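Engineer: The structure that follows is given in the form of structure tokens.
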Amino acid sequence: MTTNAPSSLNDWLIKLSSIEIPAMQYTLYQMAHLQSKSDDISIRDLSLLIRHDPLLTLKLIRYQQSQRRAVQMKDVNTIEHVLLMVGVGGFFHKFGSTESVETQLQQKPEALSGIRKIISRSYLAARIAESLSSQRHDIDPIEVTTASLLHDLAEILLWLSMPELAQKITYLLLNNPSCRSYEAQKQILGFTGNELQTKLALHWHLPSLLTHLMDEKYTNEPRVRTVTIATSTARHLTNHWQNPALPDDYQNIADLLSCDLDHAYSLIRNVCIKAAHEWEWFSVLPVATQIPQQ
């Protein structure tokens, strides 16, 4: 374990809770552009912007939870619903001066590269979840999409706070192709990213539904399984389009949607192509560039 690294799960909760949550620089550019014409924008315009950035999404949801009144009986589980409560003007007032990830990691180029890849992957997972939910006629696809966007926050925050440990996990996976992510996390940290993620969500009092949807212990439930499949597929795609774990992902999608494998593959291919048009947000080579020529 790296010097000064937290020694227990509770110590990690304390450390990660003390971080000032930033946002991607491109997100902040887009926010400034929208703010310059704030009289002409809608809640939906803001929501579409925020959904690209899991860190800003976390920041917004945590803020709303901290402002929650005793009379508020129901959780607010989506970006749009939080914005309805905060308001356009309130959003820019509260989050307009957010620091950028690039500023926080300007002296750590490897960490910046690593976190950009994971944020790009989280957005791809959200797009996959959105597509799966749409085909499943989910009761509220946005909830599943939001949970998929936030699913790997523990990993993102690890790159922010202790990038040397995140790099050790990355190197372990690169040098051991058969090693699974949760195995590498447990070897380096002493616990898995999902365990830390669940504890963080509870510690931060995130909406209980989102916490539940992100918890892989409940993959017997179709909505949780949708989140798990989306995040797993995105992870394997960003490693390589020919990743040996992808056939299992396509089979899981086929089982979830009751479709054939060709349809599952086509769905993922189309999502990747659409997501590639927004590569500038993350400064990461899009997964679609690896798609084999047919």
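Engineer: Under the definition of Cα pairs under 8 Å and six or more residues apart, what whole-number percent is the relative contact order of the chain? Can you show the working numbers first?
Structural biologist: Values: 339 pairs, mean separation 61.9, N = 294.
RCO, the chain: 21 percent.
Engineer: Another question about this same structure. With Rg and Dmax of the Cα atoms in Å in mind, check (i) 18.5, 57; (ii) 21.9, 73; (iii) 24.4, 85 and report the label derived from this structure.
Structural biologist: Of the labelled values, this structure produces (i).
Engineer: Right, next: So which aspartates and glutamates can Lys217 reach, going by Cα to Cα under 14 Å and dropping same-chain residues fewer than 8 places off?
Structural biologist: Here the aspartates and glutamates satisfying the reach criterion relative to Lys217 are Glu195.
Engineer: Within the accessible area of region 61-164, what % is carbon and sulfur when the probe is 1.4 Å and the other protein chains stay in place? If you can, show how the numbers build up before the last one.
Structural biologist: Details: 2230 of 4590 Å².
On region 61-164, the fraction of accessible area on carbon and sulfur atoms equals 49 percent.
Engineer: Tally Lys and Arg at +1 and Asp and Glu at -1 over the other residues with C-beta under 14 Å from the C-beta of Tyr182: what net charge comes out? Each step should come with its number before you reach the end.
Structural biologist: On the way: positive: Arg180, Lys186, Lys217, Arg235; negative: Asp152, Glu155, Glu183, Glu195, Asp215, Glu216.
So the surrounding residues net to -2.
Engineer: Determine the calculated [θ] at 222 nm for the chain from helices alone, applying -39500 (n - 2.57) to every DSSP H run no shorter than 4 residues and normalising by the residue count; nearest 500 deg cm²/dmol.
Structural biologist: Calculated mean residue ellipticity at 222 nm is -20000 deg cm²/dmol.
Engineer: A further question follows. Amide H to amide H under 5 Å from Ser100: which residues, 5+ apart in sequence or cross-chain, H placed 1.01 Å off N in plane?
Structural biologist: Amide H neighbours of Ser100, under 5 Å, 5+ apart: Ala23.
Engineer: Show me, for region 83-97, the HN-Hα J-couplings you get by feeding each phi into the Karplus relation (A = 6.51, B = -1.76, C = 1.60, θ = phi - 60°), rounded to Hz, glycine and proline as x.
Structural biologist: 5, 4, 7, 7, x, 4, x, x, 4, 5, 5, 7, 10, x, 9
Engineer: Taking the chain as a Gaussian network, where each spring joins two C-alpha atoms under 10 Å apart, which residue of Glu278, Glu155, Glu130 fluctuates the most?
Structural biologist: Glu278
Engineer: Something else about it: Among all the aspartates and glutamates, which ones have a C-alpha under 20 Å from Lys199's C-alpha, if same-chain residues fewer than 8 places away are not counted?
Structural biologist: In chain and number order, the partners are Asp11, Glu20, Asp75, Glu143, Asp152, Glu155, Glu183, Asp215, Glu216.
Engineer: When a/c reaches 1.5 or more, the comparison of a/b and b/c decides; with that in mind, is region 50-154 rounded, prolate or oblate per its Cα gyration tensor? Display every interim value, and only then the final one.
Structural biologist: Working: a/c = 2.40, a/b = 1.16, b/c = 2.08.
Judged from the Cα gyration tensor, region 50-154 comes out oblate (a/c at least 1.5, b/c at or above a/b).
Engineer: Which of Ala129, Ala254, Ala201 moves most in a GNM of the chain, Cα contacts under 10 Å?
Structural biologist: Of Ala129, Ala254, Ala201, the most mobile in the Gaussian network model is Ala254.
Engineer: Straight distance only, please: which lysines reach the Cα of Lys94 with their own Cα at less than 22 Å, same-chain residues fewer than 8 apart left out?
Structural biologist: Partners within reach: Lys37, Lys59.
Engineer: If you build a Gaussian network model of the chain, linking Cα atoms that sit under 10 Å apart, which residue out of Gln35, Gln167, Gln107 swings the most?
Structural biologist: Fluctuation is largest for Gln107.
Engineer: How large is ³J(HN,Hα) for each residue in region 160-174, as worked out from phi by the Karplus curve 6.51 cos²θ - 1.76 cosθ + 1.60 (θ = phi - 60°), to whole Hz, x for Gly and Pro?
Structural biologist: 6, 9, 9, x, 5, 6, 4, 5, 4, 5, 4, 5, 4, 5, 5
The values are calculated or read from the model by the stated rules, or taken from the named source; none is laboratory data. Predicted, not measured: the structure shown is a model, and the values here were computed from it. Positions of Cβ are generated from backbone atoms using ideal geometry, with glycine treated the same way; all protein chains shown enter the neighbour counts. Note: accessible area is taken over every heavy atom of the protein model, side chains too, but ligands, DNA and RNA are not part of it. Shrake-Rupley method; radii C 1.70, N 1.55, O 1.52, S 1.80 Å.
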